[in-house]
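Participant: Please read through the structure below; I'll follow up with questions.
The values are calculated or read from the model by the stated rules, or taken from the named source; none is laboratory data. Here the structure is a predicted model, which means the values were calculated and not measured. Positions of Cβ are backbone-derived with ideal geometry, glycine not excepted, and every protein chain shown enters the neighbour counts.
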Amino acid sequence: MSSERREGPRLDILGELNGEMMVFQAMNVRDLSTTGAKVETPFALQLDSIHEFRLTLGERSVVVKGRVAHCQISDVEQEHISYQTGIEFVDLGDKVTEAIDTFLETVRTERRGGI
């Protein structure tokens, strides 16, 4: 019996094969709508690049896909730089749009002193 646990054989790549990995990095959301958001990060995001963002909407989390519309330095301190980035959501499903809208309405109600 072989100690090999892979379901399929691997092939050594001769030459170069590039790849990327997705890593969730903490960010501050400065404003939010059902069509986009302004986020603050310690690094710049490339214009027109597409990213997935996980948003915590109260007790619910959603993952949205967004395009970087603009990015600029917002704060510079000794060894710390902050960037504010405008994100335009793309391909939002109805359930995600509804979750964002419900969250925003909850925040508006709380600000008016309701519930």
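Participant: Can you confirm whether THR85 is more than 18 Å from PHE24 (Cβ to Cβ), in contact (Cβ under 8 Å) with a residue 40 or more places away in the chain and among the β-branched types (Val, Ile, Thr)? Spell out how you get there, then give the answer.
Facilitator: Details: more than 18 Å from PHE24 (Cβ to Cβ): no; in contact (Cβ under 8 Å) with a residue 40 or more places away in the chain: yes; among the β-branched types (Val, Ile, Thr): yes.
Spelling it out, it is not the case that THR85 is more than 18 Å from PHE24 (Cβ to Cβ), in contact (Cβ under 8 Å) with a residue 40 or more places away in the chain and among the β-branched types (Val, Ile, Thr).
Participant: Of the numbered conditions (1) more than 30 Å from THR109 (Cβ to Cβ); (2) at pLDDT below 95; (3) touching a Ser or Thr at 6+ places or on another chain (Cβ under 7 Å), LEU17 satisfies every one except a single condition; which is it?
Facilitator: Condition (3) is where LEU17 drops out.
Participant: Cβ contacts < 7 Å: first residue touching a residue at least 40 places away in the same chain (Cβ under 8 Å), restricted to the range 91-115; second residue assigned to a loop (DSSP other than H, G, I, E, B), any location; separation 6+ or different chain. Result?
Facilitator: From residues that are touching a residue at least 40 places away in the same chain (Cβ under 8 Å), the pairs are THR97/THR34; ILE100/THR34; ASP101/THR34; PHE103/GLY58; THR106/GLY58.
Participant: Out of all the residues in the range 23-39, is one or more touching a residue at least 12 places away in the same chain (Cβ under 8 Å), among the basic types (Lys, Arg) and surrounded by 14 or more Cβ atoms within 10 Å (Cβ to Cβ)?
Facilitator: Going through the range 23-39, the residues touching a residue at least 12 places away in the same chain (Cβ under 8 Å) turn out to be 24-25, 27-30, 32-39.
Within this subset, residues satisfying the condition of being among the basic types (Lys, Arg) are 30, 38.
From the residues that got through so far, the ones that are surrounded by 14 or more Cβ atoms within 10 Å (Cβ to Cβ) too are 38.
Yes, some residue in the range 23-39 is touching a residue at least 12 places away in the same chain (Cβ under 8 Å), among the basic types (Lys, Arg) and surrounded by 14 or more Cβ atoms within 10 Å (Cβ to Cβ).
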